[in-house]
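*Asks:* Before we start, here is the structure in question, set down as structure tokens.
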Amino acid sequence: MSAPLLRTRGLTVDYRVGRGRLRAVDHVDLDLHQGETLAVIGESGSGKSTIASALLRLVPVAAGSVEFDGLDWASLRGAALRRERHRMQFVPQDAGSSLDPRWRVRESVAEPLAVAGTSARQARDRAAAMLDRVGLEGPLQERFPHQLSGGQRQRVAIARALISKPRLVICDEAVSALDVSLQAEIVNLLVELRAERDLTYVFITHDIALLPYVADRVAVLYLGQVVESGPARDVLVDPQHPYTQGLLSSLPGAHPGGGAERPVRGEIPDPANPPTGCRFHPRCPVAVDGCPQVEPAVVPVSPAHSAACHLLEPRSATADPAVPLPSSLLRKARS
Ligand code: SF4
């Protein structure tokens, strides 16, 4: 298999909090190949958006490496970073706050091209064509952001992200603010554009119900650490970590194999003061002696699927591909 388009090793991000330090992302390893979608899931406060910010070079990387598109991405600085930024673009949760309210949307979409030196006429024509492609035609392109619906603004954000022909697009809760029918429309559009333009996505979401539709691979994040990762079907059908099992159980009837439903209880702890040992132990329904003291290692449960839990034994078998996805996930994905 070819080298990943994106590879992080030991990616670590720290924030200063008063006199102390908060480790928002803690030694995260990710691999993402061209044309794939990696979903990063977890509760609010798990560090998902900080990973997005670190990949986009909006916050400093405290430790670790980021290789992207053949570049030592984390080491790029100044003019070199500005020159290469177009390769990785971003679709935010709330496009309204990321668009200049004084600009018509076609101007907003054309702006990255104008900054890169494209002539005004060419930038305008390409922006119009891109807006056509995402479903905003004619007079809609002349509107200001506040004159568009939430779904239309997300389409503008997608057009603005794609106008620079990126290799990788980071979608950070890009459909979370929309109602279910609009979510389906925007997810469909993203899926179509991925195939059409050979795009690669990092899809950050707290909504597991979207995964069967959008994700090839899944990384489950808890307090800044990846606690489980693997092919989306394996993780959804055969979740190994109690946290992943709990997240899946929060969907009615979603627990695979008919096992007991164990929704995640309690609140995610303060990342500035994470629990010792396994960080999930205060909320884990199956914690054992040693969990509060000893941090679990990442254990491979199949060649591409791994999780970090003391209860896991390494194994070579993969999840049975004949096992269907949980019905509630499929219902949501089809809606
Ligand atoms: Fe639960 Fe212990 Fe596994 Fe952590 S290591 S998930 S506390 S059983």
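*Asks:* Residue check, residue 208 against (1) within 16 Å of the ligand (Cβ to nearest atom); (2) open to solvent by less than 20 Å² (accessible area, probe 1.4 Å), all met but one. Which one?
*Replies:* Tallying (1) within 16 Å of the ligand (Cβ to nearest atom); (2) open to solvent by less than 20 Å² (accessible area, probe 1.4 Å), residue 208 fails exactly one: (1).
*Asks:* Shifting gears a bit: Run down 260, 254 and say which single residue is assigned to a loop (DSSP other than H, G, I, E, B), modelled with pLDDT under 90, in contact with a Leu (Cβ under 6 Å, 6 or more places away or on another chain) and not assigned by TED's automatic domain parsing to the domain that holds residue 46.
*Replies:* On the way: 260 fails: in contact with a Leu (Cβ under 6 Å, 6 or more places away or on another chain).
Being assigned to a loop (DSSP other than H, G, I, E, B), modelled with pLDDT under 90, in contact with a Leu (Cβ under 6 Å, 6 or more places away or on another chain) and not assigned by TED's automatic domain parsing to the domain that holds residue 46 holds for just one of 260, 254, which is 254.
*Asks:* Within region 215-245, track down each residue that is closer than 16 Å to residue 299 by Cβ, acidic (Asp, Glu) and open to solvent by 10 Å² or more (accessible area, probe 1.4 Å).
*Replies:* First pass over region 215-245, keeping only residues closer than 16 Å to residue 299 by Cβ: 219-220, 222, 225-230, 234-235, 238-245.
If we keep only those that are acidic (Asp, Glu) too, we end up with 228, 234, 238.
Matches in region 215-245: 234, 238.
*Asks:* Same structure, new question: Identify the single condition in (1) open to solvent by 30 Å² or more (accessible area, probe 1.4 Å); (2) modelled with pLDDT under 95; (3) over 23 Å from the mean Cα position of the chain (by Cα) that residue 282 does not satisfy, given that it satisfies every other one.
*Replies:* Here residue 282 meets the rest and fails (2).
*Asks:* Out of 316, 306, 327, 302, report the one residue that is among the hydroxyl-bearing types (Ser, Thr, Tyr) and modelled with pLDDT of 95 or more.
*Replies:* On the way: 316 fails: modelled with pLDDT of 95 or more; 327 fails: modelled with pLDDT of 95 or more; 302 fails: modelled with pLDDT of 95 or more.
After ruling out the rest, the residue left standing is 306.
*Asks:* Restricting attention to region 303-312, does a residue exist that is more than 9 Å from the ligand (Cβ to nearest atom), closer than 19 Å to residue 223 by Cα and touching a residue at least 24 places away in the same chain (Cβ under 8 Å)? Give the steps one after another, and end with the answer.
*Replies:* In the first step, residues of region 303-312 are kept if they are more than 9 Å from the ligand (Cβ to nearest atom); the result is 303-306.
Next, only the ones that are closer than 19 Å to residue 223 by Cα stay: 306.
If we keep only those that are touching a residue at least 24 places away in the same chain (Cβ under 8 Å) too, we end up with 306.
Checked against the condition, which is being more than 9 Å from the ligand (Cβ to nearest atom), closer than 19 Å to residue 223 by Cα and touching a residue at least 24 places away in the same chain (Cβ under 8 Å), region 303-312 yields at least one hit.
*Asks:* Still on this model: Suppose we keep only residues that are within 11 Å of the ligand (Cβ to nearest atom) and in contact with a helix residue (DSSP H, G or I) (Cβ under 8 Å, 6 or more places away or on another chain) within region 216-242. Which one would you say is nearest to residue 43 (Cα to Cα)?
*Replies:* Top of the filtered list is 222.
*Asks:* Which one is nearest to the ligand (Cβ to nearest atom) among residues in region 288-298 that are surrounded by fewer than 18 Cβ atoms within 10 Å (Cβ to Cβ) and farther than 15 Å from residue 224 by Cβ? Write out each step before concluding.
*Replies:* Residues of region 288-298 that are surrounded by fewer than 18 Cβ atoms within 10 Å (Cβ to Cβ), as a first pass: 288-290, 292-295, 297-298.
Subsequent filtering for residues that are farther than 15 Å from residue 224 by Cβ retains 288-290, 292-294, 297.
Working: 288: 6, 289: 9, 290: 8, 292: 8, 293: 10, 294: 8, 297: 10 Å.
Looking at residues that are surrounded by fewer than 18 Cβ atoms within 10 Å (Cβ to Cβ) and farther than 15 Å from residue 224 by Cβ, I get 288.
The values are calculated or read from the model by the stated rules, or taken from the named source; none is laboratory data. Remember, predicted model here, so these are calculated numbers, not experimental data. Ideal geometry is used to build each Cβ from the backbone, glycine not excepted, and the neighbour counts take in all protein chains shown. Surface accessibility is based on the protein's heavy atoms, side chains included, excluding ligands, DNA and RNA. Shrake-Rupley method; radii C 1.70, N 1.55, O 1.52, S 1.80 Å.
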